[in-house]
Amino acid sequence: MKQIAAILVVVVLTLAGTAHVAQAQVGKPVTITDANLITEADLAKLPHMNAALAKAVLAKRPFKTIKDLDNALSSLPKEQRTELYAKLFVPINLNTATDEQILRLEQYVFVPVAK
């Protein structure tokens, strides 16, 4: 009986010691959105956007490349578009993208791309 009690104590202590490890970790909320999926209301809330520009941008979807999105946002100065690219992205298929499309990513991504 003492052995069973000792085993139960070990099991309880083991489970109690790992309870805090088993908790889910909460990360930062996702703050970047696919330009082809964002709603008009959410797009209008982004920096330098308004309802009219959001509606005009959505009318030009789908964006196949970041260049397409850049053209849709051409009424904004480059600095404002650059700030928006921290909140929006256009998926690129690296299997089918041209070298030019991949190399062009460097100007839209804030992480240096090795050449």
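Computed from the coordinates by the stated procedures, all read-outs in this text should not be read as laboratory data. On a predicted model such as this, the values are computed, not experimentally measured, just so you know. No Cβ is skipped: glycine too gets one built from the backbone with ideal geometry, and neighbour counts run over all protein chains shown.
Would you mind checking which residues have amide H under 5 Å from L88's amide H? H placed 1.01 Å from N; only 5 or more apart, or other chain.
T33
Please compute the length gained on full extension between E40 and A52, using 0.36 nm multiplied by the number of residues separating them and subtracting their Cα-Cα distance.
Details: separation 12, 0.36 × 12 = 4.32 nm, distance 0.96 nm.
Stretched out fully, the E40 to A52 stretch lengthens by 3.4 nm.
So for each of 65-72, 50-57 I average, over its residues, the number of other beta carbons within 10 Å; can you give me the resulting order with the highest mean first? All intermediate terms of the calculation are to be shown ahead of the outcome.
Values: 65-72: 17.5, 50-57: 14.5.
Per-residue mean Cβ counts within 10 Å order the peptides as 65-72, 50-57.
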